[in-house]
Amino acid sequence: MRPAALLALLAFSALVHAQANKVAGNWKGSLQISAPAEMKSQIPPAAQLPKLDMTLKGDGTYSATMTQPTQQGSTKTKVEGTWKLQGQDLTITPKTRDGKPATGEAAKPRIYKLSPDGKTLTLDLTADMRRAAQNSKEKGADKVTMKVVLKKA
């Protein structure tokens, strides 16, 4: 291998490693919903919304646990897969959900936005939610926003 090519490969490898270190670690957060006044009473309080704990490993894999409060306590869903950081976009691709292969919507890659300070990941679910509610006759449903916000632990 030529010295210039070797140097380029080493520089690229260092960059990839630096990006992995930028986001690798534990992240904690929750689902956040905002709605117009006429719909606020239909939105559960924050204490009833799902919580998310996600660990991004330096090898490009992740595991996440979503805890959904219920009247009987809570239910947990565990998802594992891979992640990739490109610029400020963190793409997670689920491979398993509760130990079984992820399929359909559960297998869809999701793109989180990394804040400039590297301490917050945000996944905007508004478009997905609006697609699901497209047939809804609810006044103001088109003004509801939904996102997952994670903070580096």
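Tabulated values for the structure
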| item | result |
| --- | --- |
| Subset of the range 114-124 (residues that are within 12 Å of the chain's Cα centre (by Cα) and without any contact (Cβ under 8 Å) to a residue 24 or more places away in the chain) | Asp124 |
| Matching residues in the range 70-129 - criterion: being farther than 18 Å from Leu56 by Cβ and aliphatic (A, V, I, L, M) | Ala106, Ala107, Leu125, Ala127, Met129 |
| The range 67-86: number of residues that are closer than 13 Å to Trp27 by Cβ and surrounded by fewer than 18 Cβ atoms within 10 Å (Cβ to Cβ) | 0 |
| Strands (runs of 3 or more DSSP E) wholly inside the range 49-113 that include at least 2 residues being touching a strand residue (DSSP E or B) at 6+ places or on another chain (Cβ under 6 Å) and free of Cβ contacts under 8 Å to residues at least 24 places away in the same chain | 61-70, 73-86, 89-97 |
| Of all residues in the range 114-131 being outside any loop (DSSP other than H, G, I, E, B) and within 18 Å of Pro44 (Cα to Cα), the one that is modelled with the highest pLDDT | Thr126 |
| Qualifying residue in the range 88-97 (condition: loosely packed, with under 13 Cβ neighbours inside 10 Å and out of contact with any Leu (no Cβ under 8 Å at 6 or more places or on another chain)) | no |
| Scope the range 98-110; condition loosely packed, with under 14 Cβ neighbours inside 10 Å and either touching a helix residue (DSSP H, G or I) at 6+ places or on another chain (Cβ under 9 Å) or on the phi < 0 side of the Ramachandran plot (or both); matching residues | Lys100, Pro101, Thr103, Glu105, Lys108, Pro109 |
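The values are calculated or read from the model by the stated rules, or taken from the named source; none is laboratory data. None of the values given here were measured: they were computed from a predicted structure. When we count neighbours, we look across all protein chains shown, and the Cβ atoms used for this are built from the backbone with ideal geometry, even at glycine.
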